[in-house]
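Report on the following structure.
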Amino acid sequence: MRHPSAVTVPLLIAETRSGTAQARSQALHTLSKIGDPAGWEAITPAVLNDSDETVARTAWRVATVLVPEGLEHELATQLVAHLGSGDRDAKMSLSRSLVALGEHAAELLDGIAESGRADARLHAMTTLLLRESPDDGYEAALFDAELRLMLADAAAGAGAGSGAESSVDPSAQPTVEGEPPTATDDPDDSDSDSDSDSDSDSDSDSDSD
């Protein structure tokens, strides 16, 4: 015999505060099965960031089912903070929850895939690709994401190197700080010296006479 939601939902919400991880996880799972919007009260930062990974994963999934209209972006913001964290199962669960949030998560994922830390970038790119081709599965999306980011980073590195080389003036001569550049001999000075020597020789001949 099923009890009315008005009776069971408050009890389940209270159970999500239990000191036992299994009890918290089971209560969240049951709330998702019932689907009563009142169950959203159980989705708090405490359960979304639960120290027990199984509880946190369950909370992410339940949150996408119960999230009230208008709070999807706020939920996505809380979930993307976990990108790159946890084991393979946690990453896969988070990706599926973010995919379920659709466009509300897409913009956040784009930004992190572009300029987030390395592990978060990879996870964000994987999630975006999973969103595009859900039938391919998580592993295929992960492989594709690794390849795309590797090529993007290689292209960025090559572009930076090319820009640095083009900024160097090949005609510039290096100088040592504190030492003036070596002066170039002036041909006019050499001619003047030769004339002076010739005049000196003439004067000597005159004295001899």
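What follows draws every value from the coordinates through simple rules; no lab data is involved. Remember, it's a predicted structure, so these values are computed and weren't measured experimentally. So basically every Cβ, Gly included, is an ideal-geometry build from the backbone, and we count neighbours across all protein chains shown.
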Check your understanding: If you check Asp89, Asp50, which single one turns out to be among the charged types (D, E, K, R), in contact (Cβ under 8 Å) with a residue 24 or more places away in the chain and not in a helix (DSSP H, G or I)?
Key -> Asp50
Study note, to complete from the structure: Scanning the range 127-136 for residues that are free of Cβ contacts under 8 Å to residues at least 24 places away in the same chain and surrounded by 12 or more Cβ atoms within 10 Å (Cβ to Cβ), the one nearest to Leu98 (Cα to Cα) turns out to be Leu128
Revision key, fill the gap. Exactly one of Ser93, Ser85, Ser5, Ser32 is out of contact with any Ser or Thr (no Cβ under 9 Å at 6 or more places or on another chain), closer than 30 Å to Glu132 by Cα and of a type in the set (Ser, Thr, Tyr), and that residue is Ser85
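Yes/no matrix, rows are residues, columns are (1) within 27 Å of Gly39 (Cα to Cα); (2) surrounded by fewer than 16 Cβ atoms within 10 Å (Cβ to Cβ); (3) under 15 Å from the mean Cα position of the chain (by Cα):
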site	(1), (2), (3)
Leu66	yes, no, no
Gly70	yes, yes, no
Arg88	no, yes, no
Leu98	yes, no, no
Leu101	yes, no, no
Asp110	no, yes, yes
Gly116	no, no, yes
